[in-house]
Each structure stands twice: as C-alpha cells, then as structure tokens.
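Structure first, commentary second.
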Amino acid sequence: RSEASRGGGPPSRAQLTRLAHFQKYIDYFTSIAYGPGKSRVSASYIRSLICAESSANPQARSNKGARGLSQIMPETGRIAARELHASGVDFEFVDERRLKHLRAEDLYDPAINILIASYLSATYLDQFLGRHDLVISAWNAGPGAVTAHGNRPPPYRETHQLMARVRGYMTYFNEGRDPGWQSATWTVPSDGGTGWHRVPALGSRD
C-alpha cells in the first residue's frame, strides 16, 4: 500500500497498468443507477478510489481485514451484496448466487468488489446530496460517523488523507479539468487535532 499512501498526486505507471485490467468492470458497473435515488457514481471516482485504497491490487488486504481493490470490510460487503441480490438485477460478470451468500474471499474478485464499491458509493452520493467529501468520509469511517458529526467529514486524519488522495486522482483522470468534486473547503490536518476544517451544513434536497 506504499504507493497508495501518497496524497494528492497522479497515479503511478504501475497503478495505471494494473487498473487497465479492470476497465471493463469499471465502465459497466458505473453505468448502472442504484437504489431508490437512481444514483450513478462516475468511472473516474471508482478509478480514484481503487488507486487510493489498494494501488489497484485485487489481492490487497488491510490490517483491519478490508479486502480487494476498494478495500471493503467483509460484513459491509455481505450487507451490500444481499441488497444487490434482492434488487433482482441480472448483473454481467457476477454470479448472483455469490451475492446472496457472499464470503469474505469473494471480495478479492474484481467484478464483485467494483460492483459493491459502485453501489455503496452511489448510495452515499444520494444520501449526502452529491458531496464527494462526505461520500469518502462515509466510505472510510461509515455513514453514521458523518451524520454524528453534523454531516461533516469526521475529524479523523485517515479519512482526510483518503479524501486528498481520491481528489488528486480524480483530477488526473479528468485530465486536469474540474473533477466534479463537491465539498466545502477542507485541509488535511498537520497535528491530528480538531477544528481544522470548515464545512457548511448540508443543504436541503429542495
């Protein structure tokens, strides 16, 4: 995970080479609208998440037990997989029977991992009104942590570092154009303390 630990810069040549193997899955699963909100997550976002979380290594495993390209925890994966199975959608590249009874090792399958990452990220985009900073916060710390901190990124250094990496990669994948990142002003803290980011209240859907 050493390559993924760098913040804000473009992906390495090795990351891009590995990522290319999964392009058909990224293109397909990000083309689908998920959940009641019918939200879609962008391909550049999923590419960026994969580079930030695993350096595009499908066999990556964190010391906390997160697995695969986007580093999904097994229990989170099982809950999402059951919801996807219950949707009745016949997904390409994935055997729906594996979604119904997802095993931890199934998260090493790139297609399953990217499907779940796309579904969860789209769900968070809908829940947090398109705020990418809150989507990443929910991904890293859980949506409960976001709501517990008043719909603001929680004051966890790891969460803010991940936001910086994903945003940097999104800028690269969008060829330097505005990556469509929606957030308030925030910075990665230097001392691990609180009170170092300024995020306005989440706006109304109306």
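The values are calculated or read from the model by the stated rules, or taken from the named source; none is laboratory data. These numbers were taken from a predicted model, which means no experiment stands behind them. Don't worry about glycine lacking a Cβ; one is built from the backbone with ideal geometry, like all the others, and counts go over all protein chains shown. Ligands, DNA and RNA are stripped out before the accessible areas are found, and what is left, the full protein with its side chains, is counted by its heavy atoms. Shrake-Rupley method; radii C 1.70, N 1.55, O 1.52, S 1.80 Å.
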In the stretch 43-164, with Lys and Arg counted as +1 and Asp and Glu as -1 at Cβ, which of these residues, Ile112, Leu84, Pro155, has the Cα nearest the positive end of the dipole, that is, farthest along it? Pro155
Here the stretch 86-96 yields Karplus 3J(HN,Hα) values (6.51, -1.76, 1.60; θ = phi - 60°; whole Hz; Gly and Pro given as x) of 5, 5, x, 6, 8, 7, 5, 6, 10, 7, 4
With the full set of protein chains in place, find how many percent of the accessible area of the stretch 44-152 is carbon and sulfur; take the probe as 1.4 Å. 49
For Ser39, residues with placed amide H under 5 Å, excluding near neighbours: Tyr34
In whole Hz, what ³J(HN,Hα) sequence does the stretch 49-54 give by Karplus (6.51, -1.76, 1.60; θ = phi - 60°), x for Gly and Pro? 4, 5, 5, 5, 8, 9
Place the peptides 95-105, 69-79 in order of packing, highest mean first, counting for every residue the other Cβ atoms within 10 Å and averaging per peptide. 69-79, 95-105
Sequence neighbours fewer than 8 away in the same chain don't count; with that in mind, list the lysines whose C-alpha is under 16 Å from Lys100. none
For the stretch 26-61 and the stretch 111-132, compute the distance between their C-alpha centroids and round to whole Å. 7
Could you check the simple spin-label distance between Arg157 and Phe93, using points 7 Å along Cα→Cβ, in nm with one decimal? 3.6
